[in-house]
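What follows is one structure encoded as structure tokens, with my remarks underneath.
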Amino acid sequence: MHAGFGRIENSCASAVTIVAASSPAYASVELHETRIDGGVSRMRAVPTLRIAPGDAAVLKPGGLHLMLMQPKAALKPGSKVAIEFELASGGKLLGEFEVRKPAL
């Protein structure tokens, strides 16, 4: 299992809502959020992500992030992974993420 971090910007004049994500490099891609609940860190799936016009969603450790499950091949640091985001409007948005070594 891997995690995806980055920034998704909406430069459109109207809000966009991400309803799903996929990648040819992974069997499954899900949007998750980590929250502290009663002093315990809990992760939950986020079914939709709305981004207002001119705003951005920041995917980062300990917050909103992509869960990238069951890689189909070994990934090397520096390589690129394509993620396709499906929008509620029926459109698609393609993102590219750089593979990095985990921070220790």
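The values are calculated or read from the model by the stated rules, or taken from the named source; none is laboratory data. This one's a predicted model, so the numbers in the text were calculated from it and none came from an experiment. Please note: Cβ atoms are built from the backbone with ideal geometry, for glycine as well, and neighbour counts cover all protein chains shown.
Could you list, in sequence order, all residues of the range 26-77 that are touching a strand residue (DSSP E or B) at 6+ places or on another chain (Cβ under 8 Å), in contact (Cβ under 8 Å) with a residue 40 or more places away in the chain and over 24 Å from GLU9 (Cβ atoms)?
Across the range 26-77, the qualifying residues are ALA27, SER28, MET69, GLN70, PRO71, LYS72, LEU75.
Any idea which of VAL58, VAL81 is buried (at least 16 other Cβ atoms within 10 Å of the Cβ) and either in contact with an Asp or Glu (Cβ under 7 Å, 6 or more places away or on another chain) or of a type in the set (Val, Ile, Thr) (or both)?
Details: VAL58 fails: buried (at least 16 other Cβ atoms within 10 Å of the Cβ).
Exactly one residue qualifies, and that residue is VAL81.
I want to confirm something. Restricting to the range 20-48 and keeping residues that are among the hydroxyl-bearing types (Ser, Thr, Tyr) and not in a loop (DSSP other than H, G, I, E, B), which single residue is nearest to LEU64 (Cα to Cα)? Show your work before the answer.
Pass one, the range 20-48, residues among the hydroxyl-bearing types (Ser, Thr, Tyr): 22-23, 26, 28, 34, 41, 48.
With the extra rule that they be not in a loop (DSSP other than H, G, I, E, B), the set shrinks to 22, 26, 28, 34, 41.
Values: SER22: 16, TYR26: 19, SER28: 17, THR34: 6, SER41: 13 Å.
Per the criteria, the residue is THR34.
Would you call GLY78 assigned to a strand (DSSP E or B) and out of contact with any His (no Cβ under 7 Å at 6 or more places or on another chain)?
Numbers: assigned to a strand (DSSP E or B): no; out of contact with any His (no Cβ under 7 Å at 6 or more places or on another chain): yes.
No: the conditions fail for GLY78.
Every residue in the range 29-70 that is among the hydroxyl-bearing types (Ser, Thr, Tyr) and closer than 17 Å to LEU87 by Cα, please. Show your work before the answer.
Let us first name the residues in the range 29-70 that are among the hydroxyl-bearing types (Ser, Thr, Tyr), namely 34, 41, 48.
Within the range 29-70, just THR48 meets the criteria.
Evaluate the range 12-19: report whether one residue or more is farther than 25 Å from GLN70 by Cβ and in contact (Cβ under 8 Å) with a residue 60 or more places away in the chain. Let's see the steps before the verdict.
Of the range 12-19, the ones farther than 25 Å from GLN70 by Cβ are 12-17.
Narrowing further to those that are in contact (Cβ under 8 Å) with a residue 60 or more places away in the chain: 16-17.
Scanning the range 12-19 turns up at least one residue that is farther than 25 Å from GLN70 by Cβ and in contact (Cβ under 8 Å) with a residue 60 or more places away in the chain.
In the range 52-74, which residues are within 13 Å of GLY4 (Cα to Cα) and part of a loop (DSSP other than H, G, I, E, B)?
So in the range 52-74, the residues within 13 Å of GLY4 (Cα to Cα) come out as 57-69, 71.
Once the filter is applied, which keeps residues that are within 13 Å of GLY4 (Cα to Cα) and part of a loop (DSSP other than H, G, I, E, B), the range 52-74 yields LYS60, PRO61, GLY62, GLY63.
Determine the pairs where a residue that is surrounded by 11 or more Cβ atoms within 10 Å (Cβ to Cβ), located within the range 86-104, has a partner that is at pLDDT 95 or above and among the acidic types (Asp, Glu) with Cβ atoms under 7 Å apart, the partner being 6 or more residues away or on another chain.
Going by the 7 Å Cβ cut-off, the qualifying pairs are LYS92/GLU84; LYS92/GLU86.
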